[in-house]
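Just below is one structure, and these are the notes that go with it.
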Amino acid sequence: MTTLNLQVGAENEDAKEYLGGNVDVTRGIEECGAYGSAAHMGRRFSGVSGLSGVAINSATLTFRAYFSDTGTFIGDWYGEDSAAPPVFVAGYGIYNITNRTKTTATCEGDSSDFGDWTGGNDHTFTGDGTNTIADIIQELADSYDPSAIVLIHLYTSGLGERLAKSYEYSTTLCPKLDIDYTAGGAINQTPSPVVAAWAVPTPT
């Protein structure tokens, strides 16, 4: 098994999109949910290699919490269905978050899935208990040899939030993505050949 350790690596690799469509790439804190005003969230992880055709065993997002948060909201995670998704661009345009082609694979990203956060601590997210971030990345690995991965959190409703430190706040505390995978895809177990009864020699 191999682990790919990725982290947001530039200001324009994490962004929030307000519900009116305006994208902001310069905020030091970015939320899933609604902090003041509701927003969608995007994280881009570059430097990806070697994922074509592999079996994704697990994928873990790690966030450094800015505040302690327990409020409720509803949202969903997707990936961008692309081998080389571009960085985010401030303002309005085709490179915002909601205009991007989404993967079929998804998982819930509700406040109950995130759990309560404590300010200053690392908090991880792998999925909703049924569907996972690994499912999303598996779809990408089955389709492409991706050079970057964009994960999108689309807000639906609720007034709560989970605030995470962004690249603008800290180049070392911004979101991380760890992917464990097995090269060659799923392991095929070849059954032992069945020997016909008539071919088994009779003991003497």
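The values are calculated or read from the model by the stated rules, or taken from the named source; none is laboratory data. Note that this is a predicted model, so its numbers are computed, not measured. Reconstructed Cβ throughout: ideal geometry from the backbone, glycine too, with neighbour counts over all protein chains shown. Calculation scope for accessible area: heavy atoms of the full protein, side chains included, ligands and nucleic acids excluded. Shrake-Rupley method; radii C 1.70, N 1.55, O 1.52, S 1.80 Å.
Residues of segment 66-81 with an amide N closer than 12 Å to a point placed 7 Å from the Cα of ASP116 along the Cα-to-Cβ direction: 68-71. Working from label points 7 Å from Cα in the Cα-to-Cβ sense, the SER49 to THR62 distance is 2.2 nm.
Per Stokes-Einstein, at 25 °C and 0.890 mPa s, what whole-number D in µm² s⁻¹ belongs to the chain, with the Kirkwood radius over Cα pairs as the hydrodynamic radius? The estimated diffusion coefficient comes to 137 µm²/s. To test your reading of the geometry: what angle, between 0 and 90 degrees and rounded to tens, separates the Cα axis of helix 133-143 from the longest principal axis of the chain? Helix 133-143 sits roughly 70 degrees off the main axis of the chain. A 1.4 Å probe run over the protein chains yields, for segment 90-157, 45 Å² of accessible area per residue, whole-number rounding. Annotation for THR171 and THR126: the two label points, set 7 Å from Cα along the Cα-Cβ direction, are 3.2 nm apart. Net length available on complete extension from LEU159 to ALA84 is 23.7 nm, with 0.36 nm assigned per residue and the Cα-Cα distance removed. Each part reduced to its alpha carbon centroid, segment 139-173 and segment 16-45 end up 10 Å apart.
A full extension of the chain between GLU108 and ILE94 corresponds to an added length of 2.6 nm, given 0.36 nm per residue minus the alpha carbon distance. Think of each Lys and Arg Cβ as +1 and each Asp and Glu Cβ as -1; about the Cα centre, that makes the dipole of the chain roughly 280 debye. Taking 0.36 nm per residue of separation and subtracting the current Cα-Cα distance, fully stretching the chain between THR72 and TYR18 would add 17.6 nm. Would you mind telling me the share, in percent, of accessible area of the chain contributed by carbon and sulfur at probe 1.4 angstrom? The computed percentage sits at 50.
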